[in-house]
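Worksheet for the structure shown next.
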Amino acid sequence: MMKLVLVTSVVCALAAFVLVGTARADNGANTQPATASYINNLPQSIPAQSAQWYKFDYAGDKSQVTVLMPNGANSLVAFNVFTPEQAQSWWEKSTKPIGRGTAYQIDCETGQENYLGQCQSDDLKWVGEFNFPGTFYVQVVNYNTGTANFTLTIAGTGVFVAPSAPTPPPVVPQTKPLLPTTGGIPPKGFFAGPRTIFNRWLTEP
């Protein structure tokens with residue numbers, strides 16, 4: 001009876017460990033739009049046959065946005081772009097990304113982009129513009145059977161890839177000497193010279 005209870009306890013513990021491990025893996029960073037990181041233009045790695053999510057904020061001023069994956073054309077790593085609305089139902093078959101990274105035509109001699117060029121770039125690129133603001137998402141997909149490395153870059157005058165830093169509170173100089181709150185003459189050795197008061201402002205996160 002003791003052996004049966006011990007074996008049962010071990011099995012339950014292992015099952016709980018597997019479930020916890022799976023939950024942590026499924027809810028890790030970058031695995032869905034809700035946990036997406038801002039595009040940082042730095043080299044990244046992605047596990048085999050998996051997807052990672054990145055994001056950028058857009059001003060909605062119809063300025064051009066360029067997302068580029070250098071050397072991505074032959075890497076079996078691809079990327080898709082989703083609007084804020086599409087990101088709410090990205091898993092549904094009816095939801096198609098607003099754009100995909102594609103190789104573009106280049107001049108064979110100069111390597112410069114040229115839609116009449118006879119050669120194809122090694123990079124994947126997407127270019128777009130919108131008349132509405134919001135947070136847009138980029139899904140990177142690795143079709144390799146092993147871990148792959150990639151770099152995702154973004155450029156545009158209306159693009160923001162980090163939250164705005166809060167405005168520092170203004171510094172207001174104190175014009176009168178400060179005395180002890182109890183009043184009266186300051187004790188010997190107490191310096192009652194000018195000080196600085198910091199106003200605290202409540203800012204939105």
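The values are calculated or read from the model by the stated rules, or taken from the named source; none is laboratory data. None of the values given here were measured: they were computed from a predicted structure. Note that we place each Cβ from the backbone using ideal geometry, even for glycine, and neighbour counts take in every protein chain shown.
Below is a table of values for the structure above.
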read-out	value
Scan of the range 53-89 for residues that are in contact with a helix residue (DSSP H, G or I) (Cβ under 9 Å, 6 or more places away or on another chain), farther than 14 Å from T151 by Cα and among the aromatic types (F, W, Y), ordered by number	F82
Condition check for V81: in contact with a Pro (Cβ under 8 Å, 6 or more places away or on another chain) and part of a strand (DSSP E or B)	yes
Residue satisfying condition, being part of a loop (DSSP other than H, G, I, E, B), in contact (Cβ under 8 Å) with a residue 60 or more places away in the chain, touching a strand residue (DSSP E or B) at 6+ places or on another chain (Cβ under 9 Å) and closer than 25 Å to A162 by Cα, within set S63, S45	S63
Of the criteria (1) closer than 16 Å to W126 by Cα; (2) surrounded by fewer than 18 Cβ atoms within 10 Å (Cβ to Cβ); (3) among the aromatic types (F, W, Y), which one Y58 fails	(2)
Checking R100 against (1) without any contact (Cβ under 8 Å) to a residue 40 or more places away in the chain; (2) more than 17 Å from Y137 (Cα to Cα), the condition it does not meet	(2)
The range 106-134 residues that are loosely packed, with under 13 Cβ neighbours inside 10 Å, paired with ones that are part of a strand (DSSP E or B) and not β-branched (V, I, T) (beta carbon under 6 Å, 6 or more apart)	C108/C119; Y115/Q105
Flag for T145 being part of a loop (DSSP other than H, G, I, E, B) and within 19 Å of S45 (Cβ to Cβ)	yes
Per-region count, the range 117-128, residues part of a strand (DSSP E or B) and over 20 Å from the mean Cα position of the chain (by Cα)	2
Among the residues listed as E129, E109, E113, the single one being of a type in the set (D, E, K, R) and out of contact with any strand residue (DSSP E or B) (no Cβ under 8 Å at 6 or more places or on another chain)	E109
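Yes/no per residue for (1) more than 19 Å from the chain's Cα centre (by Cα); (2) part of a loop (DSSP other than H, G, I, E, B); (3) modelled with pLDDT under 95; (4) within 28 Å of G60 (Cα to Cα):
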position	(1), (2), (3), (4)
P97	no, yes, no, yes
F130	yes, yes, no, yes
Y137	no, no, no, yes
V141	no, no, no, yes
P163	no, yes, yes, yes
